[in-house]
Amino acid sequence: MDFIPNRIAGRILHLAVVSTVCLLAVVFSPSPSLTQVNAEGVKASYLYGLSDFTGSLPYTWPKIGLDETRNETYVIYGDIVRMFDENGMEVYRFGEDLGLGPISDLAVLGDGNILLLINRLESYELVLCDFRGTPASKIKIENLPPAFSGMVPNRLCFRQGRLYFVDLGTKKVVVTDSKGIFQDGYDLAALADFEEKKAGVQNDIVGFSVDSKGNMLFTVPTLFRAFRLSPDKTLASFGSSGSIPGKFNVIAGIASDDQGRIYVADSLRSVVAVFDKDFKFLAELSSRGFKPGELIVPKEVAVDNKGRIYISQAAQRGVSVFQIFDN
Amino acid sequence: MKSLKTSFVILAAVLITFGLSGKAFAFHSGGVAECMGCHNIHDAKPDTALLAGSDISSTCINCHGATGASSYHIVTPDADMPAGTPPGNRTPGGDFGWLKKSYTWVPRTGTTSSEAGEEHGHNIVAVDFGYAASTENTTAPGGDMDSTQLACNSCHDNHGKLRRLSGGTFATTGAPIIASGSYNNSVIPAAGQAVGAYRLLRGTGSSAGSGGKTFLTIFNAVVPSTYNRSEATTPTRVAYGAGIADWCATCHPDMHSANSSVTHPVNENLGSTEAGNYNSYIGSGNLTGTSATSYDSIIPFQMDTTTDFATLAAKAVIDGSVSTGPSTSDRVMCLSCHRAHATGFARMTRWQNEGELIAVDGVWPGSDSASTVASQAKYAMGRTVAETTKAYNDTTMHYGSYQRSLCNKCHAKD
């Protein structure tokens, strides 16, 4: 690890250069165009694609992580984690020289340390890194009840001091404290009474997030429905199939903002649908296309506490960022 | 390698394992799925049949492009397979993600070998996900189909009109499809009912898909209801029946031994010699096996001209309860050597067929192997142990300690 001092120095220099470039870009660039407006109370404008000095990230369906405390965005792709500042410019990266394998997800903990989830299909590892991405230790989920012992998580969220481990295949969620000590577990398929229990259908969860109130949000594309599970295990769902705004084709990522609005990516129609906290449809963000501000097969969505929505796409279009406004 | 590339002949193979759940039913339910799963009825772009993807295969991968969680996943996303990490799905048809895995190695000082990912399978065109037409084969090997037209629906009827009626005959109408007909636990249709054709594959009577080829036979097969799984403990045995090679020959006619005298026989009985070899073969230098336990999912065979669903379903297992090898009347087929979608090896073969030895020092080779022999570049061929192992669907290396090509399963020349 003798390269760490160089990394720190490089990162400081990188930050300085990036900040200067971004300031100039903001000063001399035209205002971002509005991509979609809706009279029901929300609109959004395209800001930028997450980029480095060579341009936008050429990734298909990267995963997104947010560190709202430090205004940083993480993009996970293969065995690389790339970190972006609040202007969407890359400031740091790590992972590719660590030999950890495919990084499925990450969580930035309250102390700034980074927990990496390495998923190898039949097994997984949790690698705790410092803020530079230097592995410090491995942790395990402790006191796991037998009903959850076989799960292999492939999603990870961190909210209000709690870690949420999700096995999208078995549809089970384990909640732990920040040390990995078991606190609660959820069998989403059982709670949601998926139709597969009646008809043998296999319904996968694709999108998953936890909002600021501890509600779990998830999508099941084959049911054309999105779900919200509150901490007291009350389940509500919304959505139905259709291809007009407010209906679902093939849905994917889901996230919520501080006002409780829910954002659902529709991969097939290449839009993001916005609903209020009572599941009333409000607006649709963007549309299918290859121009800046348009979307191609969106998958993951994340919303930060500054009202910015991050959307990962196919066709090597990386992550697009929009600013959400109240109308 | 390059000379091999130009002279080697790819046997026909089929796009099979697409779009169905690991359980008894699935989104497609044996026939046409919910319209809104693929079509954007009121807001599609022009010239796309109201599809919302950039092309047909992109629309399919929209749902089928994931790893592991379900059997219907057959395309590992790029983000999940960095260098050294294999595609994660282990369906019998193979993971299209292998098309993205290119390898370079130095077998000896001063010599560099390479293997392009596109050599690993059927190069479907799916722009949204970075899958492009083959640059090596502008037409289907052994045929004239334009490679730029190859899409999922070249082989699969995306609307699933072909159905198996209650009497076992196939038609594109005549009774409603009530469920998938692909699985060993699929429902038997009653009078006035039908189930879907295996894997929604096109067949006699169904219209042509992308590429314009019309199939004139039925692909008879049955798969266990769970199949995207590790084969480390027990194999995933797909029961193949009548029609496999003839079906592949729709796009690859000159690869069929009925049309060519210079290609490996297909759709022909194994006969006593090859069936005997298969049953006695355990590995290089070991011919002590018996027919009761000789089945190997890496080298499957066709059950003669069987079309009966129940007969096939009885053989489609994942628990190892049916391990019998072939009889003399069973047949070699394209899928005996190739997978339908893609594999970890050149020419989409089921095993490494580009070198003398596929396993050395008792293990699968790989650049990171603990064995100083198995880690040698000439054996690893640019792959990690994980990649080699996954290419065999996690099968434990159970052959000879220095194992030669699995052609020998039938030919026993080693």
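The values are calculated or read from the model by the stated rules, or taken from the named source; none is laboratory data. Predicted, not measured: the structure shown is a model, and the values here were computed from it. We place every Cβ from the backbone using ideal geometry, glycine too, and count neighbours over all the protein chains shown. What goes into the accessible areas is simple: the full protein's heavy atoms, side chains included, and nothing from ligands, DNA or RNA. Shrake-Rupley method; radii C 1.70, N 1.55, O 1.52, S 1.80 Å.
Would you check which residues across segment A:187-209 are open to solvent by less than 10 Å² (accessible area, probe 1.4 Å), at pLDDT 85 or above and more than 10 Å from chain B (Cβ to nearest Cβ) and list them?
Of everything in segment A:187-209, those that are open to solvent by less than 10 Å² (accessible area, probe 1.4 Å), at pLDDT 85 or above and more than 10 Å from chain B (Cβ to nearest Cβ) turn out to be A:L188, A:G207, A:F208.
If we keep just the residues of segment B:97-122 that are buried (at least 23 other Cβ atoms within 10 Å of the Cβ) and touching a Ser or Thr at 6+ places or on another chain (Cβ under 8 Å), which is nearest to the other protein chains (Cβ to nearest Cβ)? First the steps, then the outcome.
Taking segment B:97-122 as the starting set, the residues that turn out to be buried (at least 23 other Cβ atoms within 10 Å of the Cβ) are B:97-99, B:101, B:119-122.
Keeping just the survivors that are touching a Ser or Thr at 6+ places or on another chain (Cβ under 8 Å) gives B:97-98, B:120-121.
Values: B:G97: 12, B:W98: 16, B:H120: 19, B:G121: 18 Å.
Within segment B:97-122, the match that is nearest to the other protein chains (Cβ to nearest Cβ) is B:G97.
Only residues that are within 14 Å of chain B (Cβ to nearest Cβ), hydroxyl-bearing (S, T, Y) and outside any helix (DSSP H, G or I): list them for segment A:217-249, please.
Quick first cut of segment A:217-249, residues within 14 Å of chain B (Cβ to nearest Cβ) only: A:218-225, A:239-249.
From what's left, hydroxyl-bearing (S, T, Y): A:219, A:222, A:240-241, A:243.
If the condition is that a residue be within 14 Å of chain B (Cβ to nearest Cβ), hydroxyl-bearing (S, T, Y) and outside any helix (DSSP H, G or I), then A:T219, A:S240, A:S241, A:S243 are the ones that fit.
Please work out which residue is nearest to the chain's Cα centre (by Cα), limiting yourself to segment B:190-201 and to residues that are surrounded by fewer than 24 Cβ atoms within 10 Å (Cβ to Cβ) and not polar (S, T, N, Q). Steps first, please.
As a first pass, look at segment B:190-201 and keep what is surrounded by fewer than 24 Cβ atoms within 10 Å (Cβ to Cβ): B:190-193.
Those left that are additionally not polar (S, T, N, Q): B:190-192.
On the way: B:A190: 31, B:A191: 33, B:G192: 33 Å.
Residue satisfying both the conditions and the ranking: B:A190.
Just name the residue that is farthest from B:T263 (Cα to Cα) out of those in segment B:129-153 that are open to solvent by less than 20 Å² (accessible area, probe 1.4 Å) and either among the β-branched types (V, I, T) or within 14 Å of chain A (Cβ to nearest Cβ) (or both).
B:F129
One residue is enough: does segment A:113-129 have a residue meeting the conditions of a type in the set (S, T, Y) and either in a loop (DSSP other than H, G, I, E, B) or within 14 Å of another protein chain (Cβ to nearest Cβ) (or both)? I'd like the intermediate steps shown before the answer.
Keep residues of segment A:113-129 that are of a type in the set (S, T, Y), which gives A:123-124.
Of the ones still in play, those that are also either in a loop (DSSP other than H, G, I, E, B) or within 14 Å of another protein chain (Cβ to nearest Cβ) (or both) are A:123-124.
Yes, segment A:113-129 has at least one match.
Determine, yes or no, whether B:P92 is in contact (Cβ under 8 Å) with a residue 24 or more places away in the chain and within 20 Å of the chain's Cα centre (by Cα).
Numbers: in contact (Cβ under 8 Å) with a residue 24 or more places away in the chain: yes; within 20 Å of the chain's Cα centre (by Cα): yes.
Answer is yes for this residue.
Give segment B:110-162 a look and list any residue that's in contact with a Leu (Cβ under 8 Å, 6 or more places away or on another chain) and assigned to a helix (DSSP H, G or I), or say none.
Within segment B:110-162, B:G117, B:E118, B:H120, B:C152, B:S154, B:C155 qualify.
Which one of these is out of contact with any helix residue (DSSP H, G or I) (no Cβ under 6 Å at 6 or more places or on another chain), farther than 24 Å from B:C155 by Cα, modelled with pLDDT under 95 and in a loop (DSSP other than H, G, I, E, B): B:S261, B:S257?
Values: B:S257 fails: farther than 24 Å from B:C155 by Cα.
Just a single option satisfies the conditions, and that option is B:S261.
Against the condition more than 26 Å from A:Q323 (Cβ to Cβ) and at pLDDT 95 or above, how does A:F94 come out, does it pass?
Values: more than 26 Å from A:Q323 (Cβ to Cβ): yes; at pLDDT 95 or above: yes.
Yes; evaluated as a whole, the condition is true for this residue.
Between A:V81, A:V91, A:V108, which is in contact (Cβ under 8 Å) with a residue 60 or more places away in the chain, aliphatic (A, V, I, L, M) and more than 11 Å from every other protein chain (Cβ to nearest Cβ)?
Working: A:V81 fails: in contact (Cβ under 8 Å) with a residue 60 or more places away in the chain; A:V108 fails: in contact (Cβ under 8 Å) with a residue 60 or more places away in the chain.
Criteria check complete, one pass: A:V91.
Does segment B:18-30 include one or more residues that are open to solvent by 10 Å² or more (accessible area, probe 1.4 Å), at pLDDT 85 or above and facing chain A (nearest Cβ under 8 Å)?
No: zero hits.
Condition test on B:D319, is it under 21 Å from the mean Cα position of the chain (by Cα) and open to solvent by 60 Å² or more (accessible area, probe 1.4 Å)? Explain how you work it out, then say what you get.
Details: under 21 Å from the mean Cα position of the chain (by Cα): yes; open to solvent by 60 Å² or more (accessible area, probe 1.4 Å): yes.
In short, yes.
Could you grab me the full set of residues in segment A:94-104 that are of a type in the set (D, E) and more than 11 Å from chain B (Cβ to nearest Cβ)?
Keep residues of segment A:94-104 that are of a type in the set (D, E), which gives A:96-97.
Matches in segment A:94-104: A:D97 only.
Hey, any hits in segment A:233-240 for a residue that's in contact with a Ser or Thr (Cβ under 7 Å, 6 or more places away or on another chain), small (G, A, S) and in contact (Cβ under 8 Å) with a residue 40 or more places away in the chain? Don't jump to the end; show me each part of the working.
Going through segment A:233-240, the residues in contact with a Ser or Thr (Cβ under 7 Å, 6 or more places away or on another chain) turn out to be none.
Checked against the condition, which is being in contact with a Ser or Thr (Cβ under 7 Å, 6 or more places away or on another chain), small (G, A, S) and in contact (Cβ under 8 Å) with a residue 40 or more places away in the chain, segment A:233-240 yields no hits at all.
For A:K179, only one of the following conditions fails: (1) at the interface with chain B (Cβ under 9 Å from one of its Cβ atoms); (2) open to solvent by 20 Å² or more (accessible area, probe 1.4 Å). What is its number?
Unmet condition: (1).
I need the full set of residues from segment B:74-89 which are more than 8 Å from chain A (Cβ to nearest Cβ) and open to solvent by less than 10 Å² (accessible area, probe 1.4 Å), in order please.
The answer is B:I74, B:V75, B:T76, B:P87, B:N89.
Could you tell me whether A:R162 is surrounded by 14 or more Cβ atoms within 10 Å (Cβ to Cβ), modelled with pLDDT of 95 or more and in contact with a Gly (Cβ under 9 Å, 6 or more places away or on another chain)? Reasoning before the result, please.
Working: surrounded by 14 or more Cβ atoms within 10 Å (Cβ to Cβ): yes; modelled with pLDDT of 95 or more: yes; in contact with a Gly (Cβ under 9 Å, 6 or more places away or on another chain): yes.
Considered against the rule, which asks whether it is surrounded by 14 or more Cβ atoms within 10 Å (Cβ to Cβ), modelled with pLDDT of 95 or more and in contact with a Gly (Cβ under 9 Å, 6 or more places away or on another chain), A:R162 comes out as yes.
Listed here are the residues, each with its yes/no results for (1) within 14 Å of another protein chain (Cβ to nearest Cβ); (2) surrounded by fewer than 21 Cβ atoms within 10 Å (Cβ to Cβ); (3) outside any loop (DSSP other than H, G, I, E, B).
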site: A:D278; (1), (2), (3): no, yes, no
site: A:A283; (1), (2), (3): no, no, yes
site: A:K291; (1), (2), (3): yes, yes, no
site: A:P298; (1), (2), (3): yes, no, no
site: A:N305; (1), (2), (3): no, yes, no
site: A:I309; (1), (2), (3): no, no, yes
site: A:R317; (1), (2), (3): yes, no, no
site: A:S320; (1), (2), (3): no, no, yes
site: A:Q323; (1), (2), (3): no, yes, yes
